[in-house]
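**Student:** After the structure tokens below, expect a handful of questions from me.
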Amino acid sequence: MEKNGQRCGRLVLLPCPFQGHINPMLQLGTILHSKGFSITIVHTPFNSPHPSNHPNFKFSLIPDGLSAEDIASGDLVSLIQKLNVNCKSHLQEYLSQIMIGRQGSHDGIVCIIHDELMYFTEAVANFLKLPTIILRTTSAATLLARTTLGQLKVEGLVSFQDFVSQDLVPNLHPLRFKDLPFPLNRNLESFSQVVNDIYKMRTSSSAVIWNTMDCLERSSLAFIQQQCQVPNLPIGPMHKLGPVSPSSSLLEEDTNCMAWLGKQTKNSVIYVSLGSIASMNEKELAEMAWGLANSQKPFLWVVRPDSSTNGKRNKVLSQFYRETVGERGCIVNWAPQKEVLAHSAVGGFLSHCGWNSTLESICEGIPMICKPCFGDQRVNARYVSHVWKVGLELENELVRCEIEKAITILMADKEGEAMRERAKNLKEKIELCIKEGGSCNNSLNRVHYLAAGGN
Ligand code: UDP
């Protein structure tokens with residue numbers, strides 16, 4: 001792995017600056033570092049990761065040109081477009097400088113691995129004659145759903161009315177139109193442009209890495225591979241491969257909840273989190289609060305202290321509410337989620353179904369209540385409830401009695417028991433894929449070979 005004490009080349013990693021993209025990219029960095037590569041993380045000031053958590057990596061900052069208004073807009077598609085325009089020259093300048101400084105050195109750059117959303121990297125790498133590998137941080141089913149939605153938009157066959165349609169989408173079983181990954185801002189115009197930029201099947205990269213696995217998505221992956229010229233390598237679930245990756249949380253993790261979990265009985269706790277972006281309005285927050293309270297089950301609930309949530313958070317989670325739920329409820333700003341889900345006290349996950357959260361839950365055999373909000377979360381929720389059948393979806397308006405009912409089904413009912421059993425079986429299948437000789441491990445060996453310059 002290392003020759004004469006030297007590492008086997010430097011990989012430059014470019015995560016997209018959102019929590020759900022930073023985590024898998026830094027996990028991949030940890031895995032590849034353990035295989036002998038030196039790692040540089042090129043990142044933006046916006047959502048900058050914390051270098052001190054990763055002493056083995058070098059971190060390099062490039063300007064992102066985002067204004068406070070851009071960031072406050074919450075328009076994810078527009079942010080991604082701006083990052084792709086603004087960062088290009090800075091990345092080129094940065095890489096050119098280090099390549100001149102390092103010429104001939106064994107520690108030179110052997111490959112750039114970039115998030116699929118940071119697609120400007122391709123042009124920079126082509127110019128500098130550096131190989132690239134793409135990291136896709138979503139499920140394979142999401143790629144198919146996004147390209148279909150983009151195509152339907154181009155053909156004029158979908159509009160925002162379809163956001164609620166129960167009809168099945170042709171060739172995307174079991175997705176309904178309402179499960180398609182509509183963007184948060186509902187702007188299908190810019191969405192289809194970005195989809196077009198991201199999902200060029202004729203990529204100039206040497207491979208595509210996926211944070212998913214054959215045993216979960218065999219047919220979607222096979223279909224994608226048929227249309228793509230380069231190897232598609234499903235090495236996920238990345239957080240379960242290689243050494244344990246240090247936390248890459250942008251918010252501080254409240255570890256006190258682990259002591260609270262330690263006092264609860266096995267499988268008794270429902271863990272609730274909507275990830276790093278989705279949020280609730282005041283009414284939804286109140287319904288969730290009282291749904292959890294009325295369920296009579298212990299709960300650990302992540303309510304992020306975003307500026308948009310703060311006022312309503314304090315109002316809903318009042319002294320009266322806290323006294324009502326007492327020790328039965330633990331509410332935190334941000335949790336060490338992977339450890340939480342691995343804790344024996346946790347018996348269910350009420351989740352927005354971001355892909356990382358979905359993977360983290362099924363890897364621990366935890367059944368889910370799905371409350372998707374936008375984008376790929378809808379696709380993942382449908383797969384959880386109708387393909388792997390390890391959860392149920394809250395489909396309608398968020399109301400306390402529905403939340404209470406779903407928790408009872410999942411935690412104390414025969415239907416929930418069957419989901420738990422299937423989740424346990426899926427966990428065992430995943431463990432086989434991760435093992436030496438398993439499909440994820442084989443794909444990872446191929447990534448190692450390609451990243452080091454093989455072809
Ligand atoms: N996460 C965490 N603590 C929390 C909530 C979330 O560490 O309190 C992590 C979670 O483990 C996951 C990531 O944040 O790795 C969220 O990514 P996901 O794809 O699930 O959702 P997104 O935030 O992108 O919507």
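Per-residue answers, yes or no, for (1) within 20 Å of the chain's Cα centre (by Cα); (2) among the charged types (D, E, K, R); (3) farther than 21 Å from Lys405 by Cβ:
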{"site": "Glu252", "(1), (2), (3)": "yes, yes, yes"}
{"site": "Ala259", "(1), (2), (3)": "no, no, yes"}
{"site": "Thr265", "(1), (2), (3)": "no, no, yes"}
{"site": "Val269", "(1), (2), (3)": "no, no, no"}
{"site": "Asn281", "(1), (2), (3)": "no, no, yes"}
{"site": "Val316", "(1), (2), (3)": "no, no, no"}
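**Student:** Can you name the condition, by its number, that Asn294 falls short on among (1) open to solvent by 10 Å² or more (accessible area, probe 1.4 Å); (2) closer than 21 Å to Cys353 by Cα; (3) in contact (Cβ under 8 Å) with a residue 60 or more places away in the chain?
**Tutor:** Going through the list (1) open to solvent by 10 Å² or more (accessible area, probe 1.4 Å); (2) closer than 21 Å to Cys353 by Cα; (3) in contact (Cβ under 8 Å) with a residue 60 or more places away in the chain, Asn294 breaks only (2).
**Student:** Separate question: How many residues does the range 120-130 hold that are surrounded by fewer than 20 Cβ atoms within 10 Å (Cβ to Cβ) and either closer than 10 Å to Lys88 by Cα or not charged (D, E, K, R) (or both)? Steps first, please.
**Tutor:** Filtering the range 120-130 for residues surrounded by fewer than 20 Cβ atoms within 10 Å (Cβ to Cβ) gives 122-123, 126-130.
Checking which are either closer than 10 Å to Lys88 by Cα or not charged (D, E, K, R) (or both) leaves us with 122-123, 126-128, 130.
Residues meeting the conditions: 6.
**Student:** So Gln225 ticks every box in (1) over 19 Å from Asp115 (Cβ atoms); (2) open to solvent by less than 30 Å² (accessible area, probe 1.4 Å); (3) in a helix (DSSP H, G or I) but one. Which box is left unticked?
**Tutor:** So the condition that Gln225 fails would be (2).
**Student:** Any idea which of Leu117, Leu79, Leu91 is within 16 Å of the ligand (Cβ to nearest atom), crowded, with 20+ Cβ neighbours inside 10 Å and in a helix (DSSP H, G or I)? It would help to see each step written out before you state the result.
**Tutor:** On the way: Leu117 fails: in a helix (DSSP H, G or I); Leu91 fails: within 16 Å of the ligand (Cβ to nearest atom).
Among Leu117, Leu79, Leu91, only Leu79 is within 16 Å of the ligand (Cβ to nearest atom), crowded, with 20+ Cβ neighbours inside 10 Å and in a helix (DSSP H, G or I).
**Student:** Across the range 16-48, which residue is nearest to Asn445 (Cα to Cα) among those that are within 16 Å of the ligand (Cβ to nearest atom), open to solvent by less than 10 Å² (accessible area, probe 1.4 Å) and in a loop (DSSP other than H, G, I, E, B)?
**Tutor:** Filtering the range 16-48 for residues that are within 16 Å of the ligand (Cβ to nearest atom), open to solvent by less than 10 Å² (accessible area, probe 1.4 Å) and in a loop (DSSP other than H, G, I, E, B), the one nearest to Asn445 (Cα to Cα) comes out as Cys16.
Yes/no matrix, rows are residues, columns are (1) of a type in the set (Asp, Glu); (2) touching a Lys or Arg at 6+ places or on another chain (Cβ under 8 Å):
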position: Glu417; (1), (2): yes, no
position: Ala423; (1), (2): no, no
position: Leu426; (1), (2): no, no
position: Ile430; (1), (2): no, yes
position: Lys435; (1), (2): no, no
position: Gly438; (1), (2): no, no
position: Asn455; (1), (2): no, no
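**Student:** Which residues, counting only those in the range 269-283, are buried (at least 17 other Cβ atoms within 10 Å of the Cβ) and away from the ligand (no atom under 12 Å from the Cβ)?
**Tutor:** Across the range 269-283, the qualifying residues are Val269, Ile270, Met280.
**Student:** If we scan the range 58-65, do we find a residue that is farther than 18 Å from Leu76 by Cβ, more than 15 Å from the ligand (Cβ to nearest atom), part of a loop (DSSP other than H, G, I, E, B) and open to solvent by less than 40 Å² (accessible area, probe 1.4 Å)? Break it down into steps so the answer makes sense when it comes.
**Tutor:** Start the filter on the range 58-65 by keeping residues that are farther than 18 Å from Leu76 by Cβ, which leaves 58-63.
Subsequent filtering for residues that are more than 15 Å from the ligand (Cβ to nearest atom) retains 58-63.
This time we only want the ones that are part of a loop (DSSP other than H, G, I, E, B), so: 62-63.
So of that shortlist, the ones also open to solvent by less than 40 Å² (accessible area, probe 1.4 Å) come out as 62.
The answer is yes; a qualifying residue exists.
**Student:** Which of the residues that make up the range 373-395 are open to solvent by 70 Å² or more (accessible area, probe 1.4 Å) and more than 21 Å from Val346 (Cα to Cα)? Give the derivation first.
**Tutor:** So the first thing to find is which residues in the range 373-395 are open to solvent by 70 Å² or more (accessible area, probe 1.4 Å), and the list is 386, 389.
Matches in the range 373-395: His386 only.
**Student:** Considering only residues of the range 160-185 that are surrounded by fewer than 19 Cβ atoms within 10 Å (Cβ to Cβ), touching a residue at least 24 places away in the same chain (Cβ under 8 Å) and not charged (D, E, K, R), which is nearest to Asp214 (Cα to Cα)? Steps first, answer last, please.
**Tutor:** Applying the first criterion (surrounded by fewer than 19 Cβ atoms within 10 Å (Cβ to Cβ)) to the range 160-185 yields 160-168, 170-171, 173-174, 176, 178, 184-185.
Filter again for touching a residue at least 24 places away in the same chain (Cβ under 8 Å), leaving 160, 174, 176, 178, 184-185.
Retained after the next criterion (residues that are not charged (D, E, K, R)): 160, 174, 184-185.
Working: Phe160: 33, Pro174: 18, Leu184: 29, Asn185: 32 Å.
Residue satisfying both the conditions and the ranking: Pro174.
**Student:** So, one more: Among the aliphatic types (A, V, I, L, M), open to solvent by less than 20 Å² (accessible area, probe 1.4 Å) and touching a residue at least 60 places away in the same chain (Cβ under 8 Å): does that describe Leu233? Walk me through it before giving the result.
**Tutor:** Numbers: among the aliphatic types (A, V, I, L, M): yes; open to solvent by less than 20 Å² (accessible area, probe 1.4 Å): yes; touching a residue at least 60 places away in the same chain (Cβ under 8 Å): yes.
Spelling it out, Leu233 is indeed among the aliphatic types (A, V, I, L, M), open to solvent by less than 20 Å² (accessible area, probe 1.4 Å) and touching a residue at least 60 places away in the same chain (Cβ under 8 Å).
**Student:** A further question follows. Where in the range 293-382 are there helices (runs of 4 or more DSSP H), lying fully within it, with 2 or more residues that are within 15 Å of the ligand (Cβ to nearest atom)?
**Tutor:** Details: elements: 307-316, 319-325, 337-342, 355-363.
Counting at least 2 such residues, we get 307-316, 337-342, 355-363.
**Student:** Looking only at the range 396-453, how many residues end up being assigned to a loop (DSSP other than H, G, I, E, B), open to solvent by 20 Å² or more (accessible area, probe 1.4 Å) and not basic (Lys, Arg)?
**Tutor:** Within the range 396-453, the first condition is being assigned to a loop (DSSP other than H, G, I, E, B), and the residues that meet it are 396-399, 413, 435-438, 452-453.
Within this subset, residues satisfying the condition of being open to solvent by 20 Å² or more (accessible area, probe 1.4 Å) are 396-397, 399, 413, 435-437, 452-453.
Those still in the list that are not basic (Lys, Arg) too: 396-397, 399, 413, 436-437, 452-453.
The qualifying residues number 8.
**Student:** Residue check, Phe182 against (1) within 16 Å of the ligand (Cβ to nearest atom); (2) closer than 24 Å to Ile430 by Cβ, all met but one. Which one?
**Tutor:** Among (1) within 16 Å of the ligand (Cβ to nearest atom); (2) closer than 24 Å to Ile430 by Cβ, Phe182 violates only (2).
**Student:** With the structure loaded, tell me whether Ser73 is away from the ligand (no atom under 16 Å from the Cβ), among the small types (Gly, Ala, Ser) and open to solvent by less than 20 Å² (accessible area, probe 1.4 Å) or whether it fails that test. I'd like the intermediate steps shown before the answer.
**Tutor:** On the way: away from the ligand (no atom under 16 Å from the Cβ): yes; among the small types (Gly, Ala, Ser): yes; open to solvent by less than 20 Å² (accessible area, probe 1.4 Å): no.
Considered against the rule, which asks whether it is away from the ligand (no atom under 16 Å from the Cβ), among the small types (Gly, Ala, Ser) and open to solvent by less than 20 Å² (accessible area, probe 1.4 Å), Ser73 comes out as no.
**Student:** From the list Gly291, Gly242, which one is within 30 Å of Arg218 (Cα to Cα) and in contact with a helix residue (DSSP H, G or I) (Cβ under 6 Å, 6 or more places away or on another chain)?
**Tutor:** Details: Gly291 fails: within 30 Å of Arg218 (Cα to Cα).
Result of the check over Gly291, Gly242: Gly242.
**Student:** Is the range 345-361 home to any residue that is open to solvent by 50 Å² or more (accessible area, probe 1.4 Å) and either without any contact (Cβ under 8 Å) to a residue 60 or more places away in the chain or over 16 Å from the mean Cα position of the chain (by Cα) (or both)?
**Tutor:** The answer is no, given that none of the residues of the range 345-361 is open to solvent by 50 Å² or more (accessible area, probe 1.4 Å) and either without any contact (Cβ under 8 Å) to a residue 60 or more places away in the chain or over 16 Å from the mean Cα position of the chain (by Cα) (or both).
**Student:** Test of understanding: among Leu444, Leu398, Leu410, which residue is over 23 Å from Glu287 (Cα atoms) and touching a residue at least 60 places away in the same chain (Cβ under 8 Å)?
**Tutor:** On the way: Leu398 fails: over 23 Å from Glu287 (Cα atoms); Leu410 fails: over 23 Å from Glu287 (Cα atoms).
Result: Leu444 is the single residue among Leu444, Leu398, Leu410 that is over 23 Å from Glu287 (Cα atoms) and touching a residue at least 60 places away in the same chain (Cβ under 8 Å).
**Student:** Right, next: Taking the conditions exactly as written (within 16 Å of the ligand (Cβ to nearest atom), of a type outside the set (Gly, Ala, Ser) and in contact with a strand residue (DSSP E or B) (Cβ under 9 Å, 6 or more places away or on another chain)), does Val244 satisfy them or not? Step through it out loud before you land on a result.
**Tutor:** Numbers: within 16 Å of the ligand (Cβ to nearest atom): yes; of a type outside the set (Gly, Ala, Ser): yes; in contact with a strand residue (DSSP E or B) (Cβ under 9 Å, 6 or more places away or on another chain): no.
Against the criterion (within 16 Å of the ligand (Cβ to nearest atom), of a type outside the set (Gly, Ala, Ser) and in contact with a strand residue (DSSP E or B) (Cβ under 9 Å, 6 or more places away or on another chain)), Val244 does not qualify.
The values are calculated or read from the model by the stated rules, or taken from the named source; none is laboratory data. Keep in mind it's a predicted model, so treat the numbers as computed, not measured. Counting neighbours? That spans all protein chains shown, and the Cβs are built from the backbone with ideal geometry, glycine included. Ligands, DNA and RNA are stripped out before the accessible areas are found, and what is left, the full protein with its side chains, is counted by its heavy atoms. Shrake-Rupley method; radii C 1.70, N 1.55, O 1.52, S 1.80 Å.
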